[in-house]
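For reference, the structure discussed in these notes is given below.
Every number here is computed from the coordinates shown, using simple stated rules; none is lab data. Keep in mind that what you see is a predicted model, and the values were worked out from it rather than measured. Using ideal geometry, Cβ is built from the backbone for each residue, glycine included, and neighbour counts are taken over all protein chains shown.
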């Protein structure tokens, strides 16, 4: 069971761990010991996540979101299985916490008439300066 915040906890049935050989550090053991962790979280079926968080999690997860609605997180930075497992859980918690934060609603605004006029005046002035840079006639 993983605790995300005071309201949300992930149950054991929502998480699946599998271990594989790591491409990272490990010395001579790298070809013998399965230290890399692949943590799979069944986000779509999770009753603990609110719907807005699931939608945002899908967007944030990107390629890590599978077709059947699971988030797959891998960790192979460390030489031991427990440290990689802890790192994968930390990554998952950070991703879910980020998904729980609702982005601020952006209110669309239009430029004022005065600001449009100032912009056009500035463009005209700049155009006149550039027009005066032409070749000088001998007349």
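Rank the residues 34, 22 as a footprinting-exposure proxy: fewest other Cβ atoms within 10 Å of their Cβ go first. All intermediate terms of the calculation are to be shown ahead of the outcome.
Values: 34 12, 22 23.
Placing the least packed residue first, the sequence is 34, 22.
Taking the number of Cβ atoms within 10 Å of each Cβ as an exposure proxy, the fewest-first ranking of 41, 52 is 52, 41. Measuring nothing but how far apart in sequence close Cα pairs (under 8 Å, 6+ apart) lie, relative to its length, the chain scores a relative contact order of 21 percent. Relative to the dominant Cα principal axis of the chain, helix 51-61 is inclined by about 80°.
Provide the gained length on full extension for the span residue 93 to residue 115, in nm with one decimal, where the gain is 0.36 nm per separating residue minus the Cα-Cα distance.
Working: separation 22, 0.36 × 22 = 7.92 nm, distance 4.58 nm.
Stretched out fully, the residue 93 to residue 115 stretch lengthens by 3.3 nm.
Let me check I have the definition right: for segment 2-100, take the eigenvalues of the Cα gyration tensor, multiply each by 5, take square roots. What are those semi-axes in whole Å, largest first? All intermediate terms of the calculation are to be shown ahead of the outcome.
On the way: eigenvalues 144, 33, 24 Å².
So the equivalent ellipsoid measures 27, 13, 11 Å along its semi-axes.
Label zone of residue 102 (point 7 Å out along Cα→Cβ, amide N under 12 Å): in segment 33-54 this covers 51-53.
For the residues 30, 107, what sequence is obtained by ranking on other C-beta atoms within 10 Å, fewest first? Can you show the working numbers first?
Values: 30 16, 107 5.
Arranged by neighbour count, lowest to highest, 30, 107 become 107, 30.
In segment 2-100, what percentage of the DSSP-assigned beta bridges are antiparallel, given to the nearest 5? Looking only at bridges with both residues in segment 2-100, the antiparallel portion is about 100 percent.
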